[in-house]
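The next block holds one structure in the form of C-alpha coordinates; read it before the comments.
The values are calculated or read from the model by the stated rules, or taken from the named source; none is laboratory data. Computed from a prediction, not measured in an experiment: that's the story for all the values here. Here the Cβ positions follow ideal geometry from the backbone for every residue, glycine too, while neighbour counts run over all protein chains shown. Calculation scope for accessible area: heavy atoms of the full protein, side chains included, ligands and nucleic acids excluded. Shrake-Rupley method; radii C 1.70, N 1.55, O 1.52, S 1.80 Å.
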Amino acid sequence: MKHILIDCDPGHDDAMAILTAYANQDKLNILGITTVGGNQTLSKVTKNAQNLLGFLNAKIPLASGQEGPLIRKLQAAPEAHGEGGLDGYSFEEKEYPLTSRNAVTFLRDRILQCEEQVTIAAMGPLTNIALLLKVFPKVHSKIERIVLMGGGLSHGNCTELAEFNIYVDPEAAKIVFQSGIPLVMAGLDVTEKAVITEVEIESLRNKGRVSRMAGDLMKFYYESGKQFGFTDSPMHDLCVIAYLLEPEIFQGTYWHVEVSTENGKTRGLTYADCRLSGSQEKNVFVLEEVNRQRFVQLFLQSMEYLDTCHENTCVNK
Ligand code: RIB
Ligand code: CA
(Lines give C-alpha, C1' and ligand atoms only; values in the text may rest on other atoms or scores of the structure.)
(Ligands and ions follow the chains in the order given, each with its own letter.)
Protein backbone atom coordinates (compact mmCIF):
# COMPACT_ATOMS: atom_id res chain seq x y z
CA MET A 1 0.00 0.00 0.00
CA LYS A 2 1.37 3.45 -0.94
CA HIS A 3 0.26 6.39 1.18
CA ILE A 4 -0.18 9.38 -1.12
CA LEU A 5 -1.11 13.04 -1.08
CA ILE A 6 -2.33 14.53 -4.37
CA ASP A 7 -1.60 18.21 -5.09
CA CYS A 8 -3.44 19.40 -8.18
CA ASP A 9 -5.11 22.13 -10.25
CA PRO A 10 -8.11 20.34 -11.89
CA GLY A 11 -7.83 20.53 -14.86
CA HIS A 12 -9.01 17.67 -17.06
CA ASP A 13 -5.92 15.51 -16.77
CA ASP A 14 -5.78 16.15 -13.02
CA ALA A 15 -9.38 14.91 -12.81
CA MET A 16 -8.56 11.71 -14.71
CA ALA A 17 -5.65 11.13 -12.34
CA ILE A 18 -7.85 11.62 -9.27
CA LEU A 19 -10.49 9.25 -10.67
CA THR A 20 -7.88 6.58 -11.40
CA ALA A 21 -6.32 6.91 -7.95
CA TYR A 22 -9.78 6.69 -6.38
CA ALA A 23 -10.49 3.50 -8.34
CA ASN A 24 -7.31 1.86 -7.03
CA GLN A 25 -7.53 2.46 -3.30
CA ASP A 26 -6.54 -1.14 -2.73
CA LYS A 27 -3.06 -0.01 -3.78
CA LEU A 28 -3.15 3.74 -3.05
CA ASN A 29 -4.18 5.13 0.33
CA ILE A 30 -5.19 8.70 -0.53
CA LEU A 31 -4.41 10.66 2.63
CA GLY A 32 -5.72 13.87 1.12
CA ILE A 33 -6.01 16.14 -1.87
CA THR A 34 -4.82 19.75 -2.06
CA THR A 35 -5.46 22.37 -4.71
CA VAL A 36 -3.24 25.12 -6.10
CA GLY A 37 -3.82 27.97 -8.53
CA GLY A 38 -2.70 26.85 -11.98
CA ASN A 39 -4.93 25.77 -14.84
CA GLN A 40 -7.49 28.16 -13.43
CA THR A 41 -7.83 30.34 -10.32
CA LEU A 42 -7.66 28.65 -6.94
CA SER A 43 -11.38 29.10 -6.35
CA LYS A 44 -12.23 27.47 -9.69
CA VAL A 45 -9.85 24.50 -9.39
CA THR A 46 -10.99 23.95 -5.79
CA LYS A 47 -14.65 24.00 -6.85
CA ASN A 48 -13.77 21.49 -9.58
CA ALA A 49 -12.14 19.21 -7.03
CA GLN A 50 -15.19 19.51 -4.76
CA ASN A 51 -17.56 18.72 -7.63
CA LEU A 52 -15.51 15.70 -8.69
CA LEU A 53 -15.23 14.29 -5.17
CA GLY A 54 -18.91 15.03 -4.56
CA PHE A 55 -19.79 13.16 -7.76
CA LEU A 56 -17.90 10.15 -6.38
CA ASN A 57 -19.48 10.56 -2.97
CA ALA A 58 -15.91 10.32 -1.76
CA LYS A 59 -14.76 10.87 1.81
CA ILE A 60 -11.25 12.16 1.07
CA PRO A 61 -9.99 15.19 3.00
CA LEU A 62 -9.63 18.19 0.68
CA ALA A 63 -7.71 21.41 1.36
CA SER A 64 -7.23 24.47 -0.78
CA GLY A 65 -3.77 26.00 -1.01
CA GLN A 66 -1.91 28.86 -2.64
CA GLU A 67 -3.75 31.15 -5.01
CA GLY A 68 -0.67 31.81 -7.07
CA PRO A 69 3.08 31.41 -7.44
CA LEU A 70 5.60 32.32 -4.74
CA ILE A 71 6.58 35.63 -6.32
CA ARG A 72 5.10 35.79 -9.82
CA LYS A 73 1.56 36.47 -11.05
CA LEU A 74 -0.63 33.47 -11.83
CA GLN A 75 -0.91 32.67 -15.51
CA ALA A 76 -3.91 30.32 -15.94
CA ALA A 77 -4.71 28.13 -18.97
CA PRO A 78 -8.36 28.73 -19.92
CA GLU A 79 -7.52 27.98 -23.54
CA ALA A 80 -6.80 24.37 -22.59
CA HIS A 81 -9.25 23.68 -19.77
CA GLY A 82 -12.00 26.25 -20.37
CA GLU A 83 -13.25 29.20 -18.33
CA GLY A 84 -14.27 26.94 -15.46
CA GLY A 85 -11.08 24.90 -15.58
CA LEU A 86 -12.94 21.61 -16.03
CA ASP A 87 -15.36 22.38 -18.86
CA GLY A 88 -17.28 19.69 -20.74
CA TYR A 89 -19.46 18.28 -17.99
CA SER A 90 -22.00 19.99 -15.74
CA PHE A 91 -21.66 18.57 -12.27
CA GLU A 92 -24.65 18.57 -9.94
CA GLU A 93 -23.84 21.21 -7.32
CA LYS A 94 -22.99 19.37 -4.08
CA GLU A 95 -21.47 20.86 -0.95
CA TYR A 96 -18.19 18.95 -0.54
CA PRO A 97 -16.50 20.23 2.64
CA LEU A 98 -13.03 21.74 2.74
CA THR A 99 -11.01 20.31 5.63
CA SER A 100 -8.74 23.33 5.49
CA ARG A 101 -7.91 26.41 3.46
CA ASN A 102 -4.25 26.03 4.34
CA ALA A 103 -2.83 23.23 2.21
CA VAL A 104 0.64 23.64 3.68
CA THR A 105 -0.31 22.89 7.30
CA PHE A 106 -2.78 20.26 6.03
CA LEU A 107 0.00 18.49 4.11
CA ARG A 108 2.33 18.74 7.13
CA ASP A 109 -0.29 17.25 9.46
CA ARG A 110 -1.23 14.39 7.11
CA ILE A 111 2.43 13.51 6.59
CA LEU A 112 3.35 13.59 10.29
CA GLN A 113 0.18 11.70 11.31
CA CYS A 114 0.91 8.87 8.87
CA GLU A 115 2.89 6.11 10.54
CA GLU A 116 4.62 5.23 7.27
CA GLN A 117 6.47 7.11 4.55
CA VAL A 118 4.30 9.26 2.28
CA THR A 119 4.52 9.88 -1.47
CA ILE A 120 3.52 13.26 -2.88
CA ALA A 121 1.78 13.11 -6.28
CA ALA A 122 2.15 16.64 -7.69
CA MET A 123 0.13 17.63 -10.76
CA GLY A 124 0.15 21.43 -10.83
CA PRO A 125 2.52 24.31 -10.15
CA LEU A 126 4.68 23.31 -7.16
CA THR A 127 3.85 26.29 -4.94
CA ASN A 128 2.19 24.33 -2.09
CA ILE A 129 4.93 21.70 -2.10
CA ALA A 130 7.76 24.24 -2.06
CA LEU A 131 6.23 26.05 0.89
CA LEU A 132 5.70 22.75 2.73
CA LEU A 133 9.38 21.85 2.32
CA LYS A 134 10.63 25.32 3.27
CA VAL A 135 8.32 26.06 6.21
CA PHE A 136 8.27 22.54 7.72
CA PRO A 137 11.64 20.90 6.96
CA LYS A 138 10.91 18.16 9.49
CA VAL A 139 8.55 16.54 6.96
CA HIS A 140 11.48 15.77 4.62
CA SER A 141 12.33 12.51 6.36
CA LYS A 142 8.72 11.32 6.12
CA ILE A 143 8.44 11.90 2.34
CA GLU A 144 9.45 8.76 0.45
CA ARG A 145 9.50 10.60 -2.90
CA ILE A 146 7.74 13.22 -4.97
CA VAL A 147 6.28 12.00 -8.28
CA LEU A 148 5.51 15.10 -10.31
CA MET A 149 4.08 15.99 -13.65
CA GLY A 150 6.20 18.84 -14.90
CA GLY A 151 9.09 19.93 -17.05
CA GLY A 152 10.61 18.26 -20.04
CA LEU A 153 14.15 17.73 -21.33
CA SER A 154 13.44 18.12 -25.02
CA HIS A 155 10.81 20.87 -25.30
CA GLY A 156 8.12 22.93 -23.60
CA ASN A 157 4.39 23.51 -24.07
CA CYS A 158 3.91 26.88 -22.38
CA THR A 159 6.93 28.32 -24.18
CA GLU A 160 9.33 26.63 -26.57
CA LEU A 161 11.44 25.64 -23.58
CA ALA A 162 9.15 25.44 -20.53
CA GLU A 163 6.30 23.16 -19.49
CA PHE A 164 3.28 24.88 -17.88
CA ASN A 165 3.53 23.65 -14.25
CA ILE A 166 7.18 24.65 -14.01
CA TYR A 167 6.76 27.87 -16.02
CA VAL A 168 3.98 29.16 -13.74
CA ASP A 169 6.14 28.90 -10.62
CA PRO A 170 9.80 28.23 -11.46
CA GLU A 171 10.99 29.38 -8.03
CA ALA A 172 8.81 26.75 -6.36
CA ALA A 173 10.04 24.11 -8.79
CA LYS A 174 13.65 25.05 -8.05
CA ILE A 175 13.04 24.53 -4.32
CA VAL A 176 11.54 21.09 -4.96
CA PHE A 177 14.27 20.00 -7.39
CA GLN A 178 16.97 21.15 -4.94
CA SER A 179 15.29 19.57 -1.90
CA GLY A 180 17.21 16.31 -1.97
CA ILE A 181 13.97 14.34 -1.79
CA PRO A 182 13.88 11.53 -4.41
CA LEU A 183 11.99 12.80 -7.45
CA VAL A 184 10.27 11.08 -10.35
CA MET A 185 9.62 13.55 -13.18
CA ALA A 186 6.80 12.81 -15.61
CA GLY A 187 7.69 15.53 -18.06
CA LEU A 188 6.48 16.18 -21.57
CA ASP A 189 9.04 13.68 -22.92
CA VAL A 190 6.74 10.93 -21.65
CA THR A 191 3.37 12.61 -21.09
CA GLU A 192 2.98 13.59 -24.73
CA LYS A 193 3.33 9.88 -25.55
CA ALA A 194 0.71 9.00 -22.89
CA VAL A 195 -2.20 9.90 -25.13
CA ILE A 196 -5.76 8.69 -25.44
CA THR A 197 -7.34 8.55 -28.90
CA GLU A 198 -10.73 9.89 -29.95
CA VAL A 199 -12.01 6.31 -30.41
CA GLU A 200 -10.89 5.38 -26.89
CA ILE A 201 -12.61 8.49 -25.52
CA GLU A 202 -15.79 7.65 -27.43
CA SER A 203 -15.71 4.15 -25.90
CA LEU A 204 -16.19 5.80 -22.50
CA ARG A 205 -19.28 7.63 -23.48
CA ASN A 206 -21.59 4.62 -23.80
CA LYS A 207 -20.66 2.98 -20.51
CA GLY A 208 -21.66 3.66 -16.89
CA ARG A 209 -22.14 6.96 -15.05
CA VAL A 210 -18.48 7.61 -14.17
CA SER A 211 -17.18 6.58 -17.59
CA ARG A 212 -19.71 8.87 -19.29
CA MET A 213 -18.66 11.82 -17.15
CA ALA A 214 -14.97 11.12 -17.83
CA GLY A 215 -15.75 10.73 -21.53
CA ASP A 216 -17.56 14.08 -21.69
CA LEU A 217 -14.65 15.81 -19.96
CA MET A 218 -12.06 14.14 -22.18
CA LYS A 219 -14.05 14.99 -25.30
CA PHE A 220 -13.76 18.67 -24.35
CA TYR A 221 -10.03 18.30 -23.58
CA TYR A 222 -9.46 16.38 -26.84
CA GLU A 223 -11.12 19.14 -28.86
CA SER A 224 -9.21 21.87 -27.04
CA GLY A 225 -5.93 19.99 -27.67
CA LYS A 226 -6.36 20.38 -31.42
CA GLN A 227 -5.47 24.09 -31.22
CA PHE A 228 -2.02 23.01 -29.95
CA GLY A 229 -1.58 20.51 -32.79
CA PHE A 230 -2.48 17.35 -30.87
CA THR A 231 -4.28 14.62 -32.84
CA ASP A 232 -4.71 12.56 -29.67
CA SER A 233 -5.10 13.81 -26.09
CA PRO A 234 -2.08 13.77 -23.74
CA MET A 235 -3.13 12.69 -20.23
CA HIS A 236 -0.20 14.41 -18.56
CA ASP A 237 -1.15 14.13 -14.89
CA LEU A 238 -2.46 10.57 -15.17
CA CYS A 239 1.19 9.51 -15.71
CA VAL A 240 1.86 10.31 -12.04
CA ILE A 241 -0.82 7.90 -10.79
CA ALA A 242 -0.12 5.29 -13.48
CA TYR A 243 3.54 5.30 -12.44
CA LEU A 244 2.57 4.74 -8.80
CA LEU A 245 0.29 1.87 -9.80
CA GLU A 246 2.38 0.18 -12.52
CA PRO A 247 5.92 1.64 -12.72
CA GLU A 248 6.90 -1.21 -15.02
CA ILE A 249 4.95 0.30 -17.93
CA PHE A 250 7.38 3.24 -17.92
CA GLN A 251 11.06 3.55 -18.81
CA GLY A 252 13.33 6.33 -17.61
CA THR A 253 16.81 7.53 -16.74
CA TYR A 254 18.35 9.14 -13.66
CA TRP A 255 19.69 12.61 -14.44
CA HIS A 256 20.83 15.67 -12.56
CA VAL A 257 18.04 18.13 -13.39
CA GLU A 258 17.86 21.83 -12.61
CA VAL A 259 15.26 24.56 -13.15
CA SER A 260 15.88 27.98 -14.65
CA THR A 261 14.31 30.87 -12.73
CA GLU A 262 15.67 33.44 -15.17
CA ASN A 263 13.21 35.75 -16.87
CA GLY A 264 12.80 35.72 -20.62
CA LYS A 265 13.32 32.74 -22.91
CA THR A 266 14.67 30.28 -20.35
CA ARG A 267 12.08 30.88 -17.60
CA GLY A 268 10.89 27.48 -16.34
CA LEU A 269 13.35 25.48 -18.44
CA THR A 270 14.23 22.10 -16.89
CA TYR A 271 17.61 20.93 -18.06
CA ALA A 272 19.72 17.83 -17.37
CA ASP A 273 23.47 17.44 -17.13
CA CYS A 274 23.85 14.61 -19.65
CA ARG A 275 27.64 14.85 -19.96
CA LEU A 276 29.45 11.55 -19.49
CA SER A 277 31.74 13.49 -17.17
CA GLY A 278 28.74 14.86 -15.28
CA SER A 279 29.51 14.43 -11.58
CA GLN A 280 26.48 16.10 -10.00
CA GLU A 281 24.04 13.96 -8.03
CA LYS A 282 21.49 12.39 -10.34
CA ASN A 283 18.52 13.69 -8.33
CA VAL A 284 15.67 12.90 -10.70
CA PHE A 285 14.31 9.74 -12.35
CA VAL A 286 13.10 11.20 -15.65
CA LEU A 287 10.37 9.16 -17.36
CA GLU A 288 10.97 8.86 -21.09
CA GLU A 289 8.82 6.05 -22.49
CA VAL A 290 5.44 4.49 -21.69
CA ASN A 291 3.53 1.42 -22.84
CA ARG A 292 0.58 3.44 -24.16
CA GLN A 293 -1.78 0.53 -24.60
CA ARG A 294 -1.40 -0.58 -21.00
CA PHE A 295 -1.56 3.05 -19.80
CA VAL A 296 -4.93 3.61 -21.47
CA GLN A 297 -6.21 0.17 -20.49
CA LEU A 298 -5.42 0.95 -16.83
CA PHE A 299 -7.42 4.16 -17.13
CA LEU A 300 -10.42 2.58 -18.90
CA GLN A 301 -10.51 -0.36 -16.49
CA SER A 302 -10.41 2.06 -13.56
CA MET A 303 -13.40 3.98 -14.95
CA GLU A 304 -15.29 0.72 -15.50
CA TYR A 305 -14.59 -0.25 -11.90
CA LEU A 306 -15.99 3.07 -10.67
CA ASP A 307 -19.08 2.48 -12.83
CA THR A 308 -19.78 -0.74 -10.96
CA CYS A 309 -19.11 0.99 -7.63
CA HIS A 310 -21.68 3.62 -8.33
CA GLU A 311 -24.28 1.18 -9.51
CA ASN A 312 -23.66 -1.09 -6.50
CA THR A 313 -21.61 -0.13 -3.47
CA CYS A 314 -17.94 0.70 -3.76
CA VAL A 315 -15.76 -1.83 -2.02
CA ASN A 316 -12.00 -2.00 -2.16
CA LYS A 317 -10.89 -4.70 -4.57
O1 RIB B 1 1.72 20.87 -18.93
C2 RIB B 1 0.70 20.02 -18.47
C3 RIB B 1 0.34 20.34 -17.06
O4 RIB B 1 -0.20 21.65 -16.99
C5 RIB B 1 -0.76 19.42 -16.50
O6 RIB B 1 -0.60 19.30 -15.11
C7 RIB B 1 -2.01 20.17 -16.81
O8 RIB B 1 -3.07 19.86 -15.88
C9 RIB B 1 -1.57 21.58 -16.62
O10 RIB B 1 -1.64 21.84 -15.21
CA1 CA C 1 -2.44 19.75 -13.60
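Rolling a 1.4 Å probe across all protein chains gives D13 an accessible area of roughly 10 Å². Taking all protein chains together, S43, S302 sort by accessible area into S43, S302, largest first [probe 1.4 Å]. The trypsin sites (Lys or Arg not before Pro) of the range 197-249 that DSSP puts in a loop, and whose beta carbon has at most 14 other beta carbons within 10 Å, are R205.
Within the same chain, lysines fewer than 8 places from K226 are excluded, and of the rest, those with a Cα less than 17 Å from its Cα are K193. Taking the chain as a Gaussian network of alpha-carbon nodes connected by springs under 10 Å, the highest mean-square fluctuation of the residues V147, V168, V296 belongs to V296. For the range 85-143, which trypsin sites (Lys or Arg not before Pro) pass both filters: DSSP loop (anything but H, G, I, E, B) and at most 16 other C-beta atoms within 10 Å? Answer by residue number: K94, R101. Counting lysine pairs in the range 64-182 whose alpha carbons fall under 27 angstrom apart, excluding pairs fewer than 8 residues apart on the same chain, gives 6. Simple rule: put +1 on each Lys or Arg Cβ and -1 on each Asp or Glu Cβ in the chain, find the dipole, and look at H256, F106, V284; the Cα lying farthest toward the positive end is F106. Per residue, the chain exposes 40 Å² of accessible surface when a 1.4 Å probe is rolled over the protein heavy atoms with every protein chain present. Expressed as a whole percent, the accessible area of the chain that falls on carbon and sulfur atoms is 50 (1.4 Å probe).
Residue separation of C158 and E198 scaled by 0.36 nm, minus their Cα-Cα distance, works out to 12.0 nm of gained length. Each Cα pair under 8 Å and six or more residues apart adds its sequence gap; the mean of these over the residue count of the chain is a relative contact order of 20 percent. Stretching E116 away from R294 to a fully extended chain increases their span by 61.1 nm, per 0.36 nm per residue minus the current alpha-carbon distance.
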